[in-house]
Each structure stands twice: as structure tokens, then as C-alpha cells.
Amino acid sequence: AAIESGEAGVAYHRQVGPLVLTARSVFFRTHVDRDLVFSETVGRNVLSGGTTRTGWIGSVRATSDHFDSALGATLVRSSFDETNRLVPYVPDVVLRDDTSASIIAPAVFGHDLRIIMGGALTWVGRRALPYGERSNDILTLDLSLTFKMLEYQLGLSATNVFDTQYRLGEYNY
């Protein structure tokens, strides 16, 4: 397959008081003359005609000694060149936020105890399915709590806190 791809973007980086801010914005276009697409009839990926993906990726991150937050977003339109129909299973929107904060608790046994709390929120927008159908969107939340002293740490993590029921693969026949 032959691939033509291009992107253009800007970045920003600056310290504002105790925070370091970084932001990026990138527009992209990718054309593949023969793409691999899942075929529900054959049950595997097969060669198709050409596809074009155009979109935008953006991210913002703020960090300090006790705080780190990163937000990322992707918007994409992925279509077949001949029919202009959407490429199945490609989400239109993906959003992700990862944030952590830490504090130093009063000394325990003569050593500092660092407590780190974190969370990750992910939203995957609807995906195109064959025959003009659309998938459901997906929202998940992960949380963590870690206690760290010297070189030892004890952590607790919970994934998919909302117990969101979603399909890893969603096909329409």
C-alpha cells in the first residue's frame, strides 16, 4: 500500500508560577491507496479501496511538584475514497484525561509519606458500523491511590469504576 500523509501543528510551553503548561494542536490528513478493513463476511481484515483520514489532535498538560494533569482529544473523519462512506470501527472522537495529585503527610517512623491520588477518564465516541449503523459511545473512569515511603509503595487501583458495560468489538452483520 502507498501512504501519503501530512500534518501541521503548533506547540506552546510556558512556566506560570509553580505550573508548567504545555499545549499542542496538530491537524492531519492521511491517504492510503489500499487499506485493511475488517470484513464481517470473511471474519478478518481484507484489502479494500483507498481511505482518507482527516482530523485534529490536541493536548494540554499542566504539571507542578505535586500535580500532573494531561488532557488529550482526537477528532477524525475516516472515509472510503470511492463512496465517501465512513470506515467501519473508527471512532469520530476520543477524549482522555489523566490527572494525579500528591501530598506529603507528616513523617511516619521518621520518614516522609507521600500519598498519590490519580484518575483517568476516557470517552470513545460512536464508531461507524457497516450498513450505516453506529456503535454506542464508551465512558470509563479509573482511579488509584498510592502510599510511598522510601523505596516502598503500596497502591490500590480500580479500573472501570462506573462498571461501564461495553463491547471490545462491536460488529453489525
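For the peptides 3-10, 88-95, the ranking by mean Cβ contacts within 10 Å, running from highest to lowest, is 88-95, 3-10. In this Cβ point-charge picture (+1 for Lys and Arg, -1 for Asp and Glu), region 24-93 has a dipole of about 100 debye about its Cα centre. Between the listed residues VAL10, VAL161, SER64, the Cα displaced farthest toward the positive end of the dipole of the chain, a dipole computed from Cβ unit charges relative to the Cα centre, is found at VAL10. Accessible area per residue (1.4 Å probe, heavy atoms of protein chains only) ranks PHE28, PHE147 as PHE147, PHE28, with the largest value leading.
If you put +1 on each Lys and Arg Cβ and -1 on each Asp and Glu Cβ, how big is the dipole of the chain around its Cα centre, in Debye rounded to 20? Before the final figure, lay out the partial values.
On the way: 16 positive and 19 negative charges, 39 e Å.
With Lys and Arg at +1 and Asp and Glu at -1, about 180 debye.
What are the equivalent ellipsoid semi-axes of the chain, built from the alpha-carbon gyration tensor (square roots of five times its eigenvalues), in whole angstrom, biggest first?
On the way: eigenvalues 332, 95, 30 Å².
Here the semi-axes work out to 41, 22, 12 Å.
Grab the beta carbon distance between GLU151 and VAL10, set R0 = 45 Å, and tell me the FRET efficiency rounded to 0.05. Provide the component values of the computation, followed by the final result.
Numbers: r = 41 Å, r/R0 = 0.91.
Step by step, r from the Cβ atoms, then E = 0.65.
Between the residues ALA73, THR140, GLY110, the greatest Cα displacement towards the positive end of the dipole of region 45-173, with unit charges on the Cβ of Lys, Arg, Asp and Glu, is found for ALA73. Once the Cβ-Cβ distance between PHE109 and THR159 is put in as r, and R0 is 30 Å, what FRET efficiency do you end up with, to the nearest 0.05? The calculated FRET efficiency here is 0.40. Between ARG134 and THR63, the FRET efficiency from the beta-carbon distance, with R0 = 45 Å, is close to 0.75.
The values are calculated or read from the model by the stated rules, or taken from the named source; none is laboratory data. Quick caveat: nothing in here was measured; it's all calculated off a predicted structure. A quick note on method: Cβ atoms are made from the backbone with ideal geometry, for glycine too, and the neighbour counts reach across all protein chains shown. The protein model used for the area step is the full one, side chains on, heavy atoms only, and it has no ligands, DNA or RNA in it. Shrake-Rupley method; radii C 1.70, N 1.55, O 1.52, S 1.80 Å.
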